[in-house]
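So the structure is just underneath, and the comments pick up after that.
The values are calculated or read from the model by the stated rules, or taken from the named source; none is laboratory data. These numbers were taken from a predicted model, which means no experiment stands behind them. For neighbour counting, all protein chains shown are included, and Cβ atoms are generated from backbone atoms with ideal geometry for every residue, glycine included. Just so you know, the surface numbers come from the protein's heavy atoms only, side chains and all, with ligands and any DNA or RNA stripped out. Shrake-Rupley method; radii C 1.70, N 1.55, O 1.52, S 1.80 Å.
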Amino acid sequence: MAFLADNVARWLGRVELVARGADDERREAERWLEKGNPLQARVHALSLLSKVPGSPIGLALLVDACESAGLDDEAVEALRQLCASAPWRGELWVRLGQALARASAPPQERSVAFQRALDPSMDSNARRTALLELADLDLARGDPWRAMRWLDAIRLQGAQPDVALRNLEVGLWQGDRALVEASLAAVGDPDPVDPRVTLACARGHALVGDPAALDLLLRAYILEAPGSSQALASFVAACRDAIHVSRVREVLKADGKDAEPAFALALALAEGRSEDAQRALLEIARTGDQVAARSLYDIAIERRDLHSLVAAFDVLGAAAPQDGLILRRASDALAGSRHEEAIELLDRLVASDPGVRAWAHQLRVEVYKLWSAAGDVGWARVLVGLRRIAAAWDRLDLVARCEALTIERQRPLRVAVVGEFNAGKSTFINALIGADVAPTGVLPTTATLHWLAWAQDPFARIVLAEGPDRIVSHAGLKGALRELQAAGQGLPRQVDICAPIERLKRIELLDTPGFNSPDEEHARAARRALDEAHLVLWVFDGAQPLKESERAVLTAIAQLGVPLQALVNKSDRLSPTELARVLSHVTEGLESLGLRSLAPAAALSARLALAGRLGDAEAYARSGWDEVEQLLSSDVVNRSEELRARAVQRKALGIARELAAIGAASASNDAPTSQREDRAHASRMALLDDEACGRILGELTPPLQQLEEDLRPVRLGSIPGDDPQARAYAEARVVARLTEPVAKALRAPALEPIALVLRGAAAADPYAQLTAHVVRACAAAVAEVLSRRSEHRVEADEDAVRAARLGAMVEALG
């Protein structure tokens, strides 16, 4: 065993001990140390020191004896005296730092001791050990970036396994997969009996998804590596491999630890046993383990597990994060059907961490799904929410669309009769009315949008592009349209055909222009009808169904999400075999486009059906109209409420998506404040005087001291000041330590302008002291931001709430 006294004796002679008759005490102390009796050695060391006070050899013997006997406080005191007598010996400062660790001294005190060993004149081995110890201190307090800078100084001497181990631990802290993989390769196969190396390698393999992680975790657990139980429990909680979970259970059971709360919780979560997990949480609550409860809180947020969240609160009490408490209250409100209260609570979480925001989003989606499924009352809440957001963003057109949707839910089902030009749509409409009213054939009048609705008396309204509307009888409609055309007034904008047909109380029909019309305006009118429709009745020409031009429009219908019912017209021109083939072709073609007919495609002859409705019994019998009547009654009229609700949902989704896009385009992170306050504070910042700068620099003393401590690894670690990694570290620390304090001192509305100025100053010289010049530059940046904001204020918090609500609406309605 190597003793400190041996090292001291090499650089201090024993002449004084011999001269004072104390050399026998030295020999006796050394003899008892060799025999493994540190307490007896301590007696002789103290006797030597009584004869030769302050003797370095005597102090070294006392240190060796006290350390071997576990008398750490006494060893520390002796080492302090040794360091004072030989401050140039780096190994003494290292030994003091290590003794302070065993005595549970504050990390800062230990750090000071190790830093004393970094003087360039110190022994290189002592410097290296001190750098490793300093890196370990920073890793222990959760500052891997600072630890990396101590390690940089060692890497200048060449890579070593002990450095690779700490690089691995830094990579684990930072979640840096590339660094972890490189460090694992440098560490190589871990020493099977080294707990720290085994655990670090286990966590590294787990991070990169290596199956070897479990074997190493179990070995680290058996070696009782500090932190191995938590690492194993976290691995199991996230594991979904039943074989792995079973292996861990066997090891824990053999060790009698499978029922311990942390492991019981992890196993229950892995195996999906919620009740057992709840019991494990209660056990954790009884122990009052705050660290475990905080971990449980994090798991609850990640998994969106309300039971785990509640149990974590039972342990954390007043220390529980407020965001989690809001989530819990919102969940309770949702469970109690207090939906608006839940939404208002969730609005307070728009600036929370990502896990909380994701859970809040899920709860919002649940609320909007409940509302959209709750009939008129629920939909009124959805539409009111959309209308308010549209009004807040001055989109009156979208406000009007929301209002229209509110009315639309009370109107009859709107069915668009769609198909190519001359497919027989208007003839189908006439057959439905039982009168030859709607213009048919290839005349341009058939390119007008016809609206068929219920009225107590039959009439038609011709809506002109210019001039008053004209009211005519059904019989006079075609003649009136011809008169308008002859007079050069062109096509009417729309024709409303009203009839006392009972079915029209529940559905309205739109006879659209053909999509293959040579007039682009006609095609646009047909597409507008699709936007208005709740259901599309597509009339195919049985002689040539599903042409390429039809497929293009049908693809658009599939994208819009409008339900479709297929009708195959002109069946009288096909043989039974040909008709069966056409119906099959239509069905398969629709499915290839992502569409399915509401009911199986029905075949008819609209021409024969109209003749039959007008009195030709033989024509009626051949028309197939009875099947169409049955289809309209059972699959359209009887499902009108469902189809209308789907259409309103589709249109509300379109409004929500449009508003969400507007919100995304105008998003801003500026905090709301009054224009007057912005302008006044901007003036103060623009005119910051020397006295104000001095006061601000005084307020920044604590963070400046922290920054100085952060830069010690660079200044004491013999790393060249122009080293790229050292400069990058220093620049990052300047920005990280000073941005928020400077912003607070200047009452900045945002951190970004301050960070930008500090980053620029640090890029010029990351080791320079903060000056009044830099403070003024920060103040000028604040003034510029405030001036811009006073000209165009954006209430970002409210916009963030609106964006969050819209995102949930889009998902709920989509």
The range 339-385: relative contact order as a whole-number percent, Cα under 8 Å and 6+ apart: 25 percent
Restraint check, 505/547; 425/570; 505/570; 478/505, Cα-Cα greater than 23 Å: 505/547; 505/570; 478/505
Sorted peptide list for 756-764, 186-194, 360-368, criterion being average Cβ within 10 angstrom, highest first: 360-368, 756-764, 186-194
Cα-based convex hull volume of the range 540-641 per residue, rounded to whole Å³: 101 Å³
DSSP-defined antiparallel bridges as percent of all bridges, the chain, nearest 5: 30 percent
Highest-first arrangement of 535-547, 334-346, 209-221, where packing means the average Cβ count within 10 Å: 535-547, 209-221, 334-346
Proximal lysines to residue 369, defined as alpha-carbon separation beneath 21 angstrom and excluding residues fewer than eight positions away on the same chain: 651
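What is the percent carbon and sulfur in the accessible area of the chain, measuring with a 1.4 Å probe over the protein chains and ignoring ligands? Show your work: numbers first, answer last.
On the way: 19800 of 38200 Å².
Answer for the chain: carbon and sulfur cover 52 percent of the accessible area.
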Quarter of Cα convex hull surface for the range 117-190, i.e. mean projection, nm²: 4.8 nm²
Per-selection Rg to Rh, the range 551-601 - Cα, Kirkwood hydrodynamic radius: 1.01
Amide H partners (placed H, <5 Å) of residue 452, local residues excluded: 497, 509, 510, 511
From phi via Karplus (6.51, -1.76, 1.60), per-residue ³J(HN,Hα) for the range 373-390 in Hz, x at Gly/Pro: 9, 9, x, 4, 5, x, 5, 4, 5, 4, 5, 5, x, 5, 5, 5, 5, 4
Most positive-pole-ward Cα, 40, 569, 252, against dipole of the chain from beta carbon charges: 569
Pair residue 289, residue 627: separation of 7 Å Cα→Cβ label points (nm): 7.1 nm
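For a protection proxy built on the mean count of beta-carbon atoms within 10 angstrom, sort 244-257, 264-277 highest first, please. Don't skip to the end; give the middle numbers.
Details: 244-257: 14.9, 264-277: 19.1.
So the order, starting with the most tightly packed, is 264-277, 244-257.
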Nonlocal amide H pairs with residue 160, under 5 Å, H built at 1.01 Å: none
Along each principal axis, Cα extent of the range 278-386, largest first, Å: 51, 27, 21
Convex hull volume per residue for the range 66-138, taking Cα atoms only, in Å³: 77 Å³
Residues residue 400 and residue 178, FRET efficiency given R0 of 60 Å [Cβ-Cβ distance, rounded to 0.05]: 0.65
Compactness relative to 2.2 N^0.38 Å, alpha carbon Rg of the chain: 1.47
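For the chain, what is the relative contact order in percent, using Cα pairs closer than 8 Å and at least 6 residues apart in sequence? Could the numbers behind the result be given before it?
On the way: 1185 pairs, mean separation 66.4, N = 814.
In percent, rounded to a whole number, it is 8.
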Residue-count net charge about residue 578 - beta-carbon cut-off 14 Å; Lys, Arg +1, Asp, Glu -1: +1
Helix-only [θ]222 nm of the chain, DSSP H runs n ≥ 4, -39500 (n - 2.57) each, per residue, nearest 500: -20500 deg cm²/dmol
The range 427-432 - phi-based ³J(HN,Hα) in whole Hz, Karplus 6.51/-1.76/1.60, Gly and Pro as x: 5, 4, 4, 5, 5, 5
Within straight-line cross-link reach of residue 253, aspartates and glutamates at Cα separation under 17 Å, skipping those fewer than 8 residues along the same chain: 215, 224, 271, 276
Karplus-derived 3J(HN,Hα), 6.51/-1.76/1.60, for each residue of the range 231-248, Hz, glycine and proline x: 5, 5, 5, 5, 4, 5, 4, 8, 7, 10, 9, 4, 5, 4, 4, 5, 4, 4
Nearest 10 degrees, 0 to 90: helix 290-303 Cα axis against the chain principal axis: 20 degrees
Sequence-distant residues sharing a close amide H with residue 260 (under 5 Å, placed H): none
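As an exercise, take the mean of 1/r over every pair of distinct alpha carbons in the range 192-316, invert it, and state the Kirkwood radius in angstroms. Numbers along the way, then the final one.
On the way: mean 1/r = 0.0686 Å⁻¹.
Result for the range 192-316 stands at 14.6 Å.
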